[in-house]
Amino acid sequence: MKEHRKLSSRAEIAAEDQLFNAVLQLASVAECRAFFGDLCTPAELQAMKDRWAVAELLADGLTYRQIRDNTGVSVTTVGRVARCLAEEPAGYSAVLKRMGKLES
């Protein structure tokens, strides 16, 4: 992670909260696409799309190798996403459950 900012831990958390609250203001896929297109570089956005695709495919029961073969994402990244699905805080799991793609 870049260490270019000189914020206190409290200020860093506040900045993160402001970002997440901004995301919560988005009302459509089009607004999300525009916001994340402004916020992220193409590579950053691609990395997020790849990780989300991996989470969905893991929820569908595909193996690490099947996911790698279908997406081109490294087995290391697949493992990282799988670990996040299994551990707290369960961000991927919470969203997948709300979308009906993962059982509670």
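Any read-out appearing in this document is the output of simple, stated calculations on the displayed coordinates, not a laboratory observation. In this text the structure is predicted, and so the values were computed from the model without any measurement. Backbone-built Cβ (ideal geometry, glycine too); neighbour counts: all protein chains shown.
A few points about this structure:
- Where helices (runs of 4 or more DSSP H) sit wholly within segment 18-104, those with at least 1 residues that are acidic (Asp, Glu) occupy 29-39, 42-59, 64-71.
- Single residue of segment 68-104 satisfying the filter (among the hydroxyl-bearing types (Ser, Thr, Tyr) and over 11 Å from Asp50 (Cβ atoms)) that is surrounded by the fewest Cβ atoms within 10 Å (Cβ to Cβ): Ser104
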